[in-house]
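Please treat every number below as a calculation from the coordinates, not as lab data. Bear in mind that the values here come from a model prediction, so they are computed numbers and not experimental data. When we count neighbours, we look across all protein chains shown, and the Cβ atoms used for this are built from the backbone with ideal geometry, even at glycine.
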């Protein structure tokens, strides 16, 4: 059953894509009144409009267990290429926790301000439905693959466009306090593709 679920996730992810500043550790639910800090380097692989302005970015994220079923996350970062400084926040609600015999499911609502290279600004409002499932590995590691399908609106220069992305990633619990993460984002509609890595410390 576990192998079937994992194969299903991989099949969906092969068709998917991501979001600005990445989904990164949104599916890594932080317990009530606990916190986590994550650092996320990212490489933009392709850009909206094929501007060719790929580049490197770096994001820092702080997550707090706002309630037994929800998290608040604040992010800040900068980068080269078509997108530079970014600042925003995310509220995630874990509808179905990742328990034995069931997938974890949640929805995140995100708002990010992004400074573009041409000195204009873009504000993105995005909803992130996500699925994830943890699997124990050797040496006490826990592998938690996830998918998300961000859908929203990007407002810029007095107009807006619809964006649709997907993200395929896996968080690996390496110890009680640390997790490492890898994530691939692929553009569905009018957004960027990226590759991100990261590390998270949890209290």
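Some points to look at:
- Between residue 141 and residue 161, the distance separating the two model label sites (each 7 Å from Cα on the Cα→Cβ line) works out to 3.8 nm.
- Placing a pseudo-label 7 Å from each Cα along the Cα-to-Cβ vector at residue 99 and residue 32 gives an inter-label distance of 1.5 nm.
- Among 117, 33, 173, the largest mean-square fluctuation in a Gaussian network model of the chain, built with springs joining Cα atoms closer than 10 Å, belongs to 33.
- On Cα atoms only, tilt of 2-13 relative to the major axis of the chain in degrees: 0 degrees
- Spread of Cα-to-Cα distances over 5 Å intervals beginning at zero, given as percent, for the range 2-202: 1, 8, 16, 22, 22, 15, 9, 5, 2, 0, 0
- For the range 78-122 versus the range 148-203, the gap between their alpha-carbon centres in whole angstrom: 6 Å
- The chain, relative contact order in percent, only Cα pairs under 8 angstrom and at least six apart counted: 24 percent
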